[in-house]
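S.K.: Before anything else, here's the structure in question.
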Amino acid sequence: MDVLDALDWVRLNLSHTSFIDVGCGIAWIPAMATDLGFAPAVGIDHNKEIVQLSNDLGFPAVWQDAFGLDYSKYDVIYLFRPIMNKEFEDTLECKIADEMQVGAIAITLGSNWNRIITDPRFNTIAQFGYIYLSQKLKA
Ligand SMILES: C[S@@+](CC[C@H](N)C(=O)[O-])C[C@H]1O[C@@H](n2cnc3c(N)ncnc32)[C@H](O)[C@@H]1O
């Protein structure tokens, strides 16, 4: 999977440790991130039933709305465009891009998350298939 290749690359090449999957579903990606050595590695989802299923499987989903979170405390932020409504999705992407610390990494879909890939504050540092790793260079 491209996203696991991307996470593996981050662990091998950078000192980043904390990880969040925004709109994580059953949170299999944060579970894999934990296995790769990220700590803490969490996922958030606003769907209570999915979070319950995730936790029943032993995966680390937390019930949380993506708009209510402070993204400045995460080193690596994975976002698989969780919101169907384009306007809300754009608003969330702007919030995340603004709040991320300089040096933090966004892992996004290259074809869709052009907002951050083309943001002049970010630099694409690696690509795995359709997955892009963009580092925030300027506040
Ligand atoms: C396509 S799934 C992605 C699952 C996982 N990240 C992956 O890549 O396999 C999108 C998830 O985003 C969640 N979601 C949508 N809007 C959200 C919001 N405002 N806050 C938190 N989660 C949200 C949905 O409940 C859904 O489980």
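The values are calculated or read from the model by the stated rules, or taken from the named source; none is laboratory data. What you are looking at is a predicted structure, and each value in this text was computed from that prediction instead of being measured. A quick note on method: Cβ atoms are made from the backbone with ideal geometry, for glycine too, and the neighbour counts reach across all protein chains shown.
S.K.: Given the conditions (1) touching a residue at least 60 places away in the same chain (Cβ under 8 Å); (2) farther than 20 Å from Gln135 by Cβ; (3) buried (at least 19 other Cβ atoms within 10 Å of the Cβ); (4) of a type outside the set (Phe, Trp, Tyr), which single one is not true for Gly43?
M.R.: Only one criterion is unmet by Gly43, namely (1).
S.K.: Which of the residues belonging to the stretch 89-98 are touching a helix residue (DSSP H, G or I) at 6+ places or on another chain (Cβ under 8 Å) and at pLDDT below 90?
M.R.: Answer for the stretch 89-98, where residues must be touching a helix residue (DSSP H, G or I) at 6+ places or on another chain (Cβ under 8 Å) and at pLDDT below 90: just Asp90.
S.K.: Take the residues in the stretch 111-126 that are surrounded by fewer than 19 Cβ atoms within 10 Å (Cβ to Cβ) and closer than 19 Å to Ala33 by Cβ; name whichever of them is farthest from the ligand (Cβ to nearest atom).
M.R.: Ile125
S.K.: Of these, Arg115, Arg121, which one is more than 16 Å from Ile20 (Cα to Cα) and modelled with pLDDT of 95 or more?
M.R.: Arg121
S.K.: Say we look at the stretch 99-110 and pick out the residues that are modelled with pLDDT of 95 or more and more than 18 Å from Gly43 (Cα to Cα); which of these is surrounded by the fewest Cβ atoms within 10 Å (Cβ to Cβ)?
M.R.: Val102
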